[in-house]
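Since every read-out is calculated from the coordinates, none of them should be taken as a lab result. Source: prediction; values computed, not measured. Cβ placement follows ideal geometry from the backbone for every residue including glycine, while neighbour counts extend to all protein chains displayed.
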Amino acid sequence: MSFAQDGYTDDSDDNLEESLHDFREQNQKLVEQIQKTHGGAAGGSKGNLNIKPEMDVKKLRPIVKQLNSVYSRMSYESSRAQIQENISKSPAKGMAKAFPKTVDFITHLLRDNQALLSLLDMFKDKQKLLYFLLANIFTIILGFVLARRASKEGSLFSRLFKWMFRKCFIYGLRIFILIFFFGSELAPTFNIVKEVFL
């Protein structure tokens with residue numbers, strides 16, 4: 001199945017070389033932009049750490065849009081080859097080798113014009129983030145209480161079943177909380193997960 005987009009359907013070596021060259025130029029611009037974005041924090045005094053999270057998110061949005069633009073203009077095969085090359089030079093190369101579909105997932109994620117931007121939107125509402133954090137702290141306390149109240153009597157199978165049920169319940173509750181607070185923001189990424197892994 002071909003994922004190539006209009007205008008970049010030629011997958012010849014010449015086209016791939018040209019696409020990679022264009023990407024490297026764009027990538028250099030992104031690096032410079034990131035350095036400018038965080039240059040004030042890096043160049044200031046060590047005690048000057050008062051950076052507003054919401055401002056960082058706003059500054060990341062144009063960078064993410066530019067990344068989306070670069071990869072979406074390339075064919076799927078060209079962008080995947082570039083991402084594969086970048087991962088092969090990073091500490092994540094072992095994971096990519098063990099799980100090849102990870103490269104496909106990252107490729108789709110970077111080519112999608114909604115997924116990464118939606119994930120950034122998760123950090124816009126401070127109040128929602130606070131409630132999300134409190135809800136997760138509650139699940140940690142609940143898990144601790146349930147573990148303390150668990151009976152050590154019964155057969156090995158019975159205790160193993162109770163332990164598995166407790167774990168599934170707590171993790172299921174955390175997934176529910178995540179979807180409850182950020183379901184709409186996670187939807188585009190979940191669609192990519194379904195397309196690649198399921």
*For Glu153, what charge total do you get from the other residues with a beta carbon under 14 Å from its beta carbon, if Lys and Arg give +1 and Asp and Glu give -1?*
+4
*Report the net charge of residues surrounding Phe105, where surrounding means a beta-carbon distance below 14 angstrom and charges are Lys +1, Arg +1, Asp -1, Glu -1.*
+1
*So for the pair Glu153, Lys128, with labels modelled 7 Å out along Cα→Cβ, what separation do we get in nm?*
4.8
_Can you compute the modelled spin-label distance between Phe138 and Glu85, with each label point 7 Å from Cα toward Cβ, in nm?_
5.0
*For the charge dipole of the stretch 109-168, defined by +1 on Lys and Arg C-beta atoms and -1 on Asp and Glu C-beta atoms about the Cα centroid, which residue among Ala150, Ala135, Phe165 has the Cα displaced farthest towards the positive pole?*
Ala150
*What are the principal axis extents of the Cα atoms in the stretch 65-146, in Å, biggest first?*
50, 30, 17
*asked:* Between Ser69 and Ala187, what's the calculated FRET efficiency when r is the beta-carbon distance and R0 is 30 Å? Round to 0.05.
replied: 0.85
